[in-house]
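J.: Can you read through this structure? Questions will come right after.
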Amino acid sequence: MKIVIVTDAWYPQINGVVRTLERTCTELQKAGHEVKLISPEGFYTFPCPTYPEIRLSIAVASTLAPEIDAFAPDHVHIATEATLGMAARRYCLSQGIAFTTSYHTRFPEYISARFPIPERWMYAYLRNFHNFGRGCMVATPSLRRELEAQGFTNLLMWSRGVDASFYHPDKKIDLGFEGPVQLYVGRVAVEKNIDSFLSCETPGTKVVVGDGPAREDLQKRFPDAKFLGAKTGEALAAVYASADVFVFPSKTDTFGIVMLEALASGVPVAAYPVMGPADVIGERRDIGVLDNNLTNAIETALSCDRDACRLFAEERSWAATAQLFIDNIKSVRPALTEQLAA
């Protein structure tokens, strides 16, 4: 199958959306599919307000038309709802091209945390954006239920995976910090609720890996915490494996791939009982603790079974994630499936 994937989120951004799309593309190509990724690379961009590290592309439907037409895809998937996504959606609708979308980020909640903009306004825009596609892929049952309540239709499950051969307990090193080491990995931004983690009165060392607009303020307010900046590759894998507990304080994420990366490293999770953690950890008290009292969650999670964490993550591969992506396309394009099988 020939697939065009359009995304506003791409490198040098480091986040769950980028990781999901990168690994999905890689696994699709391994499975014999042809993939063309249309990203901000090659377009003139400008910084997103309050997120200067995120670049928005200046693109219109006519800009994307030659790239899409030259590739002659069997299917178009629009991964994000920003400028490139809007241009791709407009072109597909104008040409009668069937497409799917995916919902990665709870933008209504994120924007309301920064500006006095009602969430219902953003939901109205997003509902209109996604409901014109053949299907909208979502990562968790909780998100599916939430979006259905907001009037979204044709929702399809598309879970996430982890490279358990890369994130591994064997990569543990001595970080030189007093234990227990409590680790957060992700964007350092207001919607991630990191201050609730750093405010917990737990013994040991709190470590923050990542960067973002809230870092300077948090460093001033919590001078005892260790801010290591953004890390990738082997350096990131080593930090994961060297932690005693992984803390996921966000109440707005739709999934949280970082939780799977921590679990693959043999590190239990402490989080709030909200969307994302509730879908990943659920009732598995042997791999993590969900509690509205984050301090209690951290202290209790330290006693979880690190071997169980590892086994849980080994069952969630990116290959399975990519296959689910293909299955979703086939489910909304039966005529295409029959044509490819002929």
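J.: On a C-alpha basis, how far is the centre of region 244-304 from the centre of region 117-131 in Å? Whole number, if you could?
T.: Going from one Cα centre to the other spans 29 Å.
J.: Rounded to two decimals, what is Rg over Rh for region 168-297 when you use alpha-carbon atoms and the Kirkwood radius?
T.: 0.92
J.: Taking all protein chains in place and a 1.4 Å probe, what share, in percent, of the accessible surface of the chain do carbon and sulfur account for? Don't skip to the answer; put the middle values down first.
T.: Details: 7550 of 14510 Å².
The computed percentage sits at 52.
J.: Let me spell out the model: positive unit charges on the Cβ of Lys and Arg, negative unit charges on the Cβ of Asp and Glu, origin at the Cα centre of region 186-342. What dipole size does that give, in debye rounded to 20?
T.: Using only the charged Cβ atoms, the result is roughly 320 debye.
J.: Continuing with the same structure: Under the rule of -39500 (n - 2.57) per DSSP H run of 4 or more residues, summed and divided by the residues of the chain, what mean residue ellipticity at 222 nm is obtained, to the nearest 500 deg cm²/dmol? Could you put the intermediate results ahead of the total?
T.: On the way: 15 runs with 140 residues, N = 342.
Here the helix-only value at 222 nm equals -11500 deg cm²/dmol.
J.: Hey, another quick one. Would you be so kind as to identify which of Ile58, Ile5, Met86 lies farthest towards the positive end of the dipole of region 1-87, taking Lys and Arg as +1 and Asp and Glu as -1 on Cβ and the Cα centre as origin?
T.: With unit charges placed on the Cβ atoms, the residue in question is Ile5.
J.: Moving on. Check the straight Cα-Cα distances from Lys251 and name the lysines below 27 Å, setting aside those fewer than 8 residues away within the same chain.
T.: Lys192, Lys206, Lys220, Lys226, Lys231
J.: Which GluC sites (Glu not before Pro) does region 196-248 hold that lie in a coil by DSSP with at most 10 other beta carbons within 10 Å?
T.: Answer in residue order: Glu201.
J.: Would you mind telling me the antiparallel percentage of the DSSP bridges in the chain, rounded to 5?
T.: 10 percent
J.: Still on this structure, I have one more. Over all pairs of distinct alpha carbons, what does the Kirkwood formula give as the hydrodynamic radius of region 275-324, in Å?
T.: This gives a value of 12.0 Å.
J.: Net charge near Gly133, counting Lys/Arg +1 and Asp/Glu -1 over other residues with Cβ under 13 Å of its Cβ?
T.: Net of charged neighbours comes to +4.
J.: Could you derive backbone 3J(HN,Hα) for region 324-332 from the dihedral phi with the Karplus parameters 6.51, -1.76 and 1.60 (θ = phi - 60°), listing whole Hz in sequence and x where the residue is Gly or Pro?
T.: With the stated coefficients, region 324-332 comes to 5, 4, 5, 4, 5, 4, 4, 5, 9 Hz.
J.: Tally Lys/Arg at +1 and Asp/Glu at -1 over every other residue whose Cβ is under 12 Å from the Cβ of Glu67; what's the total?
T.: So the environment of Glu67 carries a net charge of -1.
J.: Now for a different question. Search the structure for amide H atoms under 5 Å from the amide H of Phe227, placed 1.01 Å from N in the peptide plane, and list their residues when 5 or more places away or on another chain.
T.: HN-HN under 5 Å from Phe227: Val208.
J.: Find the accessible area per residue for region 1-94; the probe is 1.4 Å, ligands and nucleic acids are left out, and the unit is Å². Walk me through the numbers before you get to the answer.
T.: On the way: 3960 Å² over 94 residues.
Accessible area per residue: 42 Å².
The values are calculated or read from the model by the stated rules, or taken from the named source; none is laboratory data. Keep in mind that what you see is a predicted model, and the values were worked out from it rather than measured. With ideal geometry, Cβ positions are generated from the backbone for all residues, glycine too; neighbour counts draw on all protein chains shown. To get the accessible areas, we keep the full protein, side chains included, count just its heavy atoms, and leave off ligands, DNA and RNA. Shrake-Rupley method; radii C 1.70, N 1.55, O 1.52, S 1.80 Å.
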